[in-house]
1. Before we move on, is B:LEU14 closer than 19 Å to C:VAL34 by Cβ and within 16 Å of the chain's Cα centre (by Cα)?
2. Against the conditions (1) over 15 Å from the mean Cα position of the chain (by Cα); (2) farther than 18 Å from A:HIS273 by Cα; (3) among the acidic types (Asp, Glu), where does A:GLU209 fall short? Just the number, please.
3. So C:ASN48 passes all but one of these: (1) facing chain B (nearest Cβ under 10 Å); (2) modelled with pLDDT of 90 or more. Which condition number does it fail?
4. Those residues that are more than 7 Å from every other protein chain (Cβ to nearest Cβ) and either in contact (Cβ under 8 Å) with a residue 40 or more places away in the chain or assigned to a loop (DSSP other than H, G, I, E, B) (or both), I need them from the range A:625-645; list them, please.
5. In this structure, is C:ILE64 buried (at least 17 other Cβ atoms within 10 Å of the Cβ), over 24 Å from the mean Cα position of the chain (by Cα) and outside the structural domain of C:ILE159 (by TED's automatic domain parsing)?
6. Test each condition in (1) at the interface with chain C (Cβ under 7 Å from one of its Cβ atoms); (2) in a helix (DSSP H, G or I) for B:ILE2 and report the one that comes out false.
7. Give the range B:58-80 a look and list any residue that's closer than 18 Å to C:LYS125 by Cβ and facing chain C (nearest Cβ under 7 Å), or say none.
Amino acid sequence: MSAPIFEAAWLVPALPLLGAAILLFAGKRMSKAAGGLATVMMAGSFSVGLWIFFELLSMPAAERLHTSTLYTFIKAGTFEVALDYRIDPLSVLMILVVTGVGSLIHLYSIGYMRGDERESRFFAYMNLFAFSMLLLVMANNMLIMYVGWELVGLSSYLLIGFWFERPAASTAAKKAFITNRVGDVGFALGIMLIFVHFGTLDFSRVLSEAGALGTGAATAIALLLFAGAAGKSAQIPLHVWLPDAMEGPTPVSALIHAATMVTAGVYMVGRAHPIFAQSPVAMDVVAWIGLATALLAAFIAFTQDDIKRVLAYSTVSQLGFMFLALGVGATSAAIFHLFTHAFFKALMFLGAGSVMHGSNDETDITKMGGLGRAMPWTAATFVIGWFAIIGVPGFSGFFSKDQILAGVYGSGGTILWVGALVATFGTGFYMSRLVFLTFFGPSRAPEGVRAHESPAVMVWPLALLAVAAAGAGWFGATVHGGGFHRFVAPSVCAAHDPAHVAEQPRVQTCTVDAATGEVHPLEREGGAGELVLGSVATAAGVAGLGAAGFMYLGGFPWQRRRERPTLVWKASRNKFFVDEVYQFLFTGVGKAVAATAAFVVDRRVIDGTVSRLAHGVGALSVVGRKLQTGMVRTYAVGVLGGVVALGVLLVARAR
Amino acid sequence: MILPAQYLALAGLLFATGVVGVLARRNAIVMFMSIELMLNAVNLTLVTFARMHGNLDGQVLAFFVMIVAAAEAVVGLALIVSIFRRTKSVSVDDAGELRG
Amino acid sequence: MEQWIFWIVAPISLGSAIAMLMARNTVHAAMLLVVNFFTLAVFYVVQNADFLAAVQVIVYAGAIMVLFLFVIMLIGDKDEDLTERIKGQRTTALLLGFGLAALTVFTIRTALSTAEFRGLAEASKGGNVEAIGRAIFTRYLWPFEVTSLLLIVAAIAAIVIGRRSTSDDEEIEPEPSDSPAPIAAAPVAEPRDGRA
């Protein structure tokens, strides 16, 4: 079933691509209008996306799928890959998130990047990124998705290292790219394995035939794909690049490292859920790594003083939650959390940018305080984001996080659920700490620094995002009945028979409502009641808030405590020394191997052999020279000796 | 009955003596004389074989050997005299220009 | 009868050869070699090589050895110092000599111990000289002519080499040596060291 707009869906990625091309080539001449052009392109994509969305809504649920091939560009025997796109609820949702949040961030950047000498280049890269991300989410086969995946990594590199004159920025960009690439190797291998088993890379066929996959093959493919997702979405052990990526401009952090690029991994695993569902081992790996990452990142965030770093670790932690949900089969809940997280995290990042902008580029929260009075709009919107993330009832994060926890509990993973509760407490604690230290209390700013509110062009996006962060949760208030879940379910379900739920607790199962034809994901809360679970989760978050309030609002001498740091504090502060371990393992050991190869193998063994050979020849010649005595009589002896020897030889042979 | 082997053995011994003379003496003239001794030993062998085969070819060959030996002696002695005039020495060990 | 001659003359032959080796005085060495040549002439006669015996005495003993004596006269017959300067040379020489002798004797014993003389009675029809003459001028004419040429060339060569040309005759710094000082009109100089 297709509407005319579907045929024009290629406009969605094409508009930002056009914007990027124009700005790359003609950017120098139009630096004033660069931001405007880029934002207009994004808004245009958003409009097309919105149109497609409404068209999709007007269609019955079972028919919400459209694919279209633009150009077949690889045809090698049985291997055929075309540039084709897929319009289904999940991809349309992602389009809306990317273009919607993206447009707001572009608008915000007009104010933030004003006066920068490479302003148009910035917007070119932002549009390039939007194009790449849209390519990724609209792809209908794994190869095009991989192309988008890599392009997104490239855009991230360009944007993190945008102020490349700062060595910290260019190093962070390299770190991000390289860590991504490590994961991408796994991803590429996974794609190859998919081709081996399915004979095609097309989603329509792969996803529908996934049920026939054997457990071993499914495990291999799933784990390899997850490796790629771990790299892109900063899960353990490839999480190290995201905190350092904060060296880039704040809008970059908001767009790429909160709302969109890092969620590509979640999107990919969600898309491939039918494959993952065939492998309980892979699902376990995903869930446990997600939980571990959520806990680790939260713990590190307890002691970080850089406002953007706290938010970065918060992102890593929330991504961990999403992977935890994916790992227990609550795919729809994971996507919902992706959706709400995009709003409140982008909001908080832009808010942090506003704080920095208004405090003379200060990022250390120990030097802030009481900014709520100086920057009321920023503070108010930030508080809304804060409520959302810690799960204050009614705000968006409350619903999505509760559904994740319910899904974990309902799948039977009690330890996972307890761990998730601890992580929720942690989230409440570190976010509250951030808010209290930054916006409340007395001002600890150095003398002469006066904070001020940011210009309107920066505040308006904050306000819009705050509305979204507050209200978006109501779309998916309940898993069973919420419109969001009903919309997305057909894209993520791997099983359709509710009778088998008990046997397959980790598979996202959906039911089809016979009457309306609507598809609902099955809600699983193990019978304890949605209300009880929700209360427990909320209590954990509020407990975290309370602890932070006690420590940072109530006269607790936290500054003096720092002078004698405990081991635990130091471990948290230094990110558990993971970077140092990697440095030792990869550069240290690598350098040792290289030094051995250069100085021992190359110099002593190879060069030594060659020179020893030469010396040997020289030594031989010294010996040989002794034959040349110049004395006739010795030569005569030689001649006659030879004659005698020959004679003996001949006689002996004749015998 | 006399056997050819006797003459031949004697010739061999004479030849060996000539060899030792060439190797063991330093004086060029004495070395040369040893060479003449070797040539004569060979002549004896040739004559013995001629008689053994009943053929005069051996004797003819021995005749030619003598002629050539004479020519060689002439030239060689002239050389020795010439070298002696330059270097005032007939010691073969002094001619070390071939040393490597 | 012949055995008697053989066993008397052979020791003289061998003895004179060995004595020649060990002679200190060059003239003594030459004389001993002449003795050797005479013994060989005796053997030639015994073996029906009359012509050759004559040639041996006339050419070898008479001409060549006289030539040697002339040269000794030119060069000087001071007694030679018989110490061997090259290490191991004398031992090697003796060893090689013995080896060679053993080899030859051994070969002769194994290969020719039973061979017998056929005799030249038939070949020397008309006398040995005539027979050799016949052979030389018919079968071996070509080598004969060539060797004549060789003799002429050798004579010319000897004259050319032996010529005293004043530009070649440099005064060389003398070093002590065991070589005898010249008697003839060569420039008086100290002998050179016999070092290589």
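The values are calculated or read from the model by the stated rules, or taken from the named source; none is laboratory data. Here the structure is a predicted model, which means the values were calculated and not measured. Note that we place each Cβ from the backbone using ideal geometry, even for glycine, and neighbour counts take in every protein chain shown.
1. Details: closer than 19 Å to C:VAL34 by Cβ: yes; within 16 Å of the chain's Cα centre (by Cα): yes.
Against the criterion (closer than 19 Å to C:VAL34 by Cβ and within 16 Å of the chain's Cα centre (by Cα)), B:LEU14 qualifies.
2. Checking A:GLU209 against (1) over 15 Å from the mean Cα position of the chain (by Cα); (2) farther than 18 Å from A:HIS273 by Cα; (3) among the acidic types (Asp, Glu), the one that fails is (2).
3. (2)
4. A:LYS626, A:LEU627
5. Working: buried (at least 17 other Cβ atoms within 10 Å of the Cβ): yes; over 24 Å from the mean Cα position of the chain (by Cα): no; outside the structural domain of C:ILE159 (by TED's automatic domain parsing): yes.
For C:ILE64, the condition - buried (at least 17 other Cβ atoms within 10 Å of the Cβ), over 24 Å from the mean Cα position of the chain (by Cα) and outside the structural domain of C:ILE159 (by TED's automatic domain parsing) - is not met.
6. (2)
7. Start the filter on the range B:58-80 by keeping residues that are closer than 18 Å to C:LYS125 by Cβ, which leaves B:58-60.
Listed by number, the residues that qualify are B:GLN59, B:VAL60.
Matching residues to (1) under 29 Å from A:GLY199 (Cβ atoms); (2) crowded, with 24+ Cβ neighbours inside 10 Å; (3) in contact with a Pro (Cβ under 7 Å, 6 or more places away or on another chain):
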residue: A:VAL81; (1), (2), (3): yes, no, no
residue: A:PRO89; (1), (2), (3): yes, no, yes
residue: A:LEU96; (1), (2), (3): no, no, no
residue: A:GLY100; (1), (2), (3): no, no, no
residue: A:PHE123; (1), (2), (3): no, yes, no
residue: A:MET126; (1), (2), (3): no, yes, no
residue: A:ALA130; (1), (2), (3): no, yes, yes
residue: A:MET133; (1), (2), (3): yes, yes, no
residue: A:VAL137; (1), (2), (3): yes, yes, no
